[in-house]
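The values are calculated or read from the model by the stated rules, or taken from the named source; none is laboratory data. Quantities reported herein were computed from a predicted structural model and do not represent experimental measurements. Heads up, the Cβs are rebuilt from the backbone with ideal geometry, glycines too, and the neighbour counts pull from every protein chain shown.
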Amino acid sequence: MSREKEVTEKAVALVEQAKGIVILDDEQYAAAAEFLKGIVDLRREIKAVFDPIVDAAHKAHKAATAQRAAALKPVEEAEAIARRAVAKYREEQEAAKAAAIKEEEERRALEQTALEVTAESAIAAGDLEEAKAIYRDLHQLMKEPSVQVTPKVEGVTFREIWRFEITDEKALPREYLTPDLKKIGGYVSAMKGESNIPGVRVWAEKVVAVGGAR
């Protein structure tokens, strides 16, 4: 049996043994304490068995990750450049389209007004055929496409991403602030019962330390 399997089976067996702990007197307390010491010893044994395996895997993972990062770096750079170029062209086209639509709407409004005036003049003159022809032109004018849109490319879509930057930290509302838990923890560890931070409750918990382990 391999050492890995051996220590794993020992660890699994500990759970049922721990569930059976009953402490009603000093003798049972001493037995439970010895059992706890055995658990700590097994923890050390498991680490001694598996740490070399984990370290080797970690080194291999780091090496593979570094190789992947080196291969991906130029790809990501190229992708960023291409994305900027595509987005820039799209934005320019959208701006040009908006300006063209406005210009086209103004032109159509003027042309529509002119045709309507001409049609009314034809009706007033009794020339109904001319009026019908003018209204047909007017109807066709309204059906014509206004502005050519940017062509769509399959698999490439656009979406809006709203970004932000903080311009004045002091002006931020309280609900958007995050407590510095690391700083608070360091202060409490140092000051212990003398800690005094408004809005923070500090207390001590007893934990069992076996052979220096926590």
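General remarks:
- All positions within region 1-15 that are closer than 14 Å to residue 43 by Cβ and surrounded by 12 or more Cβ atoms within 10 Å (Cβ to Cβ): 7, 8, 10, 11, 14
- Flag if residue 199 is out of contact with any Leu (no Cβ under 8 Å at 6 or more places or on another chain), farther than 30 Å from residue 37 by Cβ, outside any helix (DSSP H, G or I) and at pLDDT 90 or above: yes
- Residue 40 within 30 Å of residue 161 (Cα to Cα) and either part of a helix (DSSP H, G or I) or among the aliphatic types (A, V, I, L, M) (or both): no
- All of 77, 45 fail the test of being exposed (fewer than 12 other Cβ atoms within 10 Å of the Cβ), assigned to a helix (DSSP H, G or I) and acidic (Asp, Glu), apart from 77.
- Pairs, first under 24 Å from residue 156 (Cα atoms) in region 86-105, second at pLDDT below 85, C-beta under 6 Å, six or more apart: 93/150; 97/147
- Leading residue by the ranking (nearest to the chain's Cα centre (by Cα)) among those in region 111-141 that are surrounded by 13 or more Cβ atoms within 10 Å (Cβ to Cβ) and polar (S, T, N, Q): 112
- Within region 184-199, the only residue that satisfies the criterion of being loosely packed, with under 10 Cβ neighbours inside 10 Å, more than 21 Å from residue 174 (Cα to Cα) and of a type in the set (S, T, N, Q) is 189.
- Residues in region 55-69 include none that are of a type outside the set (Val, Ile, Thr), surrounded by 13 or more Cβ atoms within 10 Å (Cβ to Cβ) and part of a helix (DSSP H, G or I).
- Each residue in region 9-32 was checked for being within 19 Å of residue 207 (Cα to Cα), outside any loop (DSSP other than H, G, I, E, B) and in contact (Cβ under 8 Å) with a residue 12 or more places away in the chain, and 1 pass.
- The set of residues in region 193-212 being among the basic types (Lys, Arg) and closer than 23 Å to residue 183 by Cβ consists of 201 alone.
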